[in-house]
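One structure below.
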Amino acid sequence: MGSSEGAAAGAGAMARLPGIDRILRRPEVEECARAYGRALVLEAVRETVDGLRAALRDGADGGRPAALPADPDGAAAAAAIARVRAAAAPSLRPVLNLTGTVLHTNLGRAPLPECAVAAVAEAARSAVNLELDLATGKRGERDGHVEAWLARLTGAEAATVVNNNAAAVLLVLNTFALGREVPVSRGELVEIGGSFRIPDVMARAGCRLVEVGATNRTHLRDFERAVGERTGAIMTVHTSNYVVQGFTAAPDPAALAALARARGVPFLHDLGSGTLVELERFGLPHEPTAREALAAGADLVTFSGDKLLGGPQAGIVAGRAELVAEVRRNPMRRALRVDKLTLAALGALLPLHANPERLVREVPTLRWLARARPEIREVAERAAARLRGRLAGSAVEVVDCASRIGSGALPVDTRPSAGLAIRPSAAGAGAGADGRNAPPARSVEALAAAFRALPRPVVGRIRDGALVLDLRCLEREDDLVEALGPLLEAGSGGPDDGEGRPQTGSTGAPPGAR
Ligand SMILES: *Cc1c(COP(=O)(O)O)cnc(C)c1O
């Protein structure tokens, strides 16, 4: 019935469509251009007007012709400015990691302790003596800022730092075994997430992998047979993210070290997470420390800076001085070296590892790993009390869960934890296990997406139709309540009305935030 009527209204509105030049001359838009640059603002205004035109022509939602707002120019200017701000907002944002995986690679692994944050900020702001020996005025070595601490904490004679542990492994292999063979146990040909595979890294380092033994059992005699003229190094790799269980055998590292020494090749040990302290102190199972691996005879160990060390992304090579010197002379090191910010963070972090009490107080990763379930549950109870009845009818329940360390550290060990299970009103109750009856707007996926779209995104994981927030990495419930603010209805603890919808429209998040 109203189709010709609608078309007429559309044509009239089309004539009143805001003009690009007129919008650009508005004071608020000119101010925006001064802040963000003319080109970006022009692009945003064009896109806004194009969007309006398309809406008038094709109709807005439901096929009904869109109406122009009362003040078309003002509305278009505001929309364009919002677009510019969203485009200029940093894409990298702080999130709440409530996934239950403490060292989550996709979430940037270890947050730094405050002393390291301060050191990074200071180094970032200023020129620093990165490669200047202040005593002599001569050129210094950038590793010098952390080497003494690495030596003290591991018992190594020397150490060097590169971009990450993958780079450390690549660099040591390339230094000692370019064009040569490296025997590795078949049980240790590990793939870490994100396509780091020992066999592939070997190939890119220019080495030939020689697989030794069987998947479950490798013996010293297997290595003895494999080591020959062409061998460049013997390597052992921490099976970070899996375990070989049952009928297993691996040669004693000390015996492998003796074999390597007898044949005149270095014995390399990739520790992966590489802890510097006894994890038993934090109620965690034992992980071989860098000191133990070196004491057992490794000539060089390699490990990450942002796993159990709780520091910045970095790869550490520590061990015998003449071998570290050779690693430093490899031209590839220049491409893999770290900047002043990483060294500043490490320089502040490492001394904490000499004092376990301070370590567990100040390094977030270790503090979180050390938390026991009752403490986490208390935070969960307080958070639940403030969220119940305010999340569009979603049920909020305190649940027990199990956290993981993540990043391949102690893969089968979980830590008893607690958190919140949030079940969308209709989907949780009515839908079958396949969730097919769930209206899309209320699905648990939509709830998770709304949490991710918040100005400070909240990342949990979906389990059995609920969004589960493991609160191991949340120390103050205020942080969660604040982050969820834009989704919360007024009041607290009210009864579920069962009629609410997730309020995803008013988050203030930049459009397209995913
Ligand atoms: C994690 C890991 C690596 C890679 O370390 P990054 O710091 O992530 O580059 C290498 N080897 C092992 C055994 C690991 O666990």
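Restricting attention to the range 174-200 and to residues that are more than 11 Å from Met235 (Cβ to Cβ) and part of a strand (DSSP E or B), the residue that is modelled with the lowest pLDDT turns out to be Ile192. For the range 206-225, filtering for residues that are of a type in the set (A, V, I, L, M) and under 25 Å from Asn330 (Cβ atoms) leaves 2. If you filter the range 373-408 down to residues that are more than 16 Å from the ligand (Cβ to nearest atom) and under 23 Å from the mean Cα position of the chain (by Cα), you find that the one that is farthest from Ala166 (Cα to Cα) is Ile376.
So which residues in the range 77-117 are open to solvent by 40 Å² or more (accessible area, probe 1.4 Å) and closer than 21 Å to Asp413 by Cβ, if there are any at all? Across the range 77-117, the qualifying residues are His104, Thr105, Asn106, Leu107, Arg109. Against the test of being part of a helix (DSSP H, G or I) and at pLDDT below 90, the options Glu292, Glu280 yield a single qualifying residue, Glu280. Quick one: would you say Pro312 is open to solvent by 10 Å² or more (accessible area, probe 1.4 Å), in a loop (DSSP other than H, G, I, E, B) and at pLDDT 90 or above? So Pro312 passes the test.
When Glu292, Glu280, Glu357 are checked against the criterion of being surrounded by fewer than 22 Cβ atoms within 10 Å (Cβ to Cβ), without any contact (Cβ under 8 Å) to a residue 12 or more places away in the chain, of a type in the set (D, E, K, R) and within 16 Å of the ligand (Cβ to nearest atom), a single residue qualifies: Glu292.
Considering (1) in contact with a Leu (Cβ under 6 Å, 6 or more places away or on another chain); (2) open to solvent by 10 Å² or more (accessible area, probe 1.4 Å); (3) within 16 Å of the ligand (Cβ to nearest atom), the lone condition that Gly155 does not fulfil carries the number (3). Within the range 236-268, the set of residues being open to solvent by less than 70 Å² (accessible area, probe 1.4 Å), polar (S, T, N, Q) and away from the ligand (no atom under 15 Å from the Cβ) comprises Thr248 only. Candidates Thr275, Thr302, Thr365, Thr342: the one that is surrounded by 23 or more Cβ atoms within 10 Å (Cβ to Cβ), within 16 Å of the ligand (Cβ to nearest atom) and within 30 Å of Val396 (Cβ to Cβ) is Thr365. Restricting the first member to the range 179-200 and to residues that are aliphatic (A, V, I, L, M) and within 11 Å of the ligand (Cβ to nearest atom), and the second to residues that are in a strand (DSSP E or B) and at pLDDT below 80, the beta-carbon pairs closer than 9 Å and six or more apart or on different chains are Val190/Phe196; Ile198/Glu191; Ile198/Ile192.
Among the residues of the range 330-337, some residue qualifies, meaning at least one is without any contact (Cβ under 8 Å) to a residue 40 or more places away in the chain, open to solvent by 60 Å² or more (accessible area, probe 1.4 Å), away from the ligand (no atom under 16 Å from the Cβ) and over 22 Å from the mean Cα position of the chain (by Cα). When Leu112, Leu68, Leu153 are screened for being part of a loop (DSSP other than H, G, I, E, B) and modelled with pLDDT of 95 or more, only Leu112 passes.
Hey, does the range 123-132 have a residue that's modelled with pLDDT under 95 and of a type in the set (Ser, Thr, Tyr)? Looking through the range 123-132, none of the residues is modelled with pLDDT under 95 and of a type in the set (Ser, Thr, Tyr). Would you check if there is a residue in the range 336-347 being more than 30 Å from Ala402 (Cβ to Cβ), of a type in the set (Lys, Arg) and touching a helix residue (DSSP H, G or I) at 6+ places or on another chain (Cβ under 7 Å)? Yes, the range 336-347 has at least one match.
Residues in the range 22-42 that are part of a helix (DSSP H, G or I) and free of Cβ contacts under 8 Å to residues at least 24 places away in the same chain: 10 in all.
Do we have Ala127 as away from the ligand (no atom under 16 Å from the Cβ), more than 30 Å from Glu191 (Cβ to Cβ), open to solvent by 60 Å² or more (accessible area, probe 1.4 Å) and of a type outside the set (Asp, Glu) here? When the stated conditions are applied, Ala127 passes them.
The values are calculated or read from the model by the stated rules, or taken from the named source; none is laboratory data. This structure is a prediction, so every number in the text was calculated from the model and none was measured. Because the Cβ atoms are built from the backbone with ideal geometry, glycine has one as well, and the counts that use them run over all protein chains shown. Just so you know, the surface numbers come from the protein's heavy atoms only, side chains and all, with ligands and any DNA or RNA stripped out. Shrake-Rupley method; radii C 1.70, N 1.55, O 1.52, S 1.80 Å.
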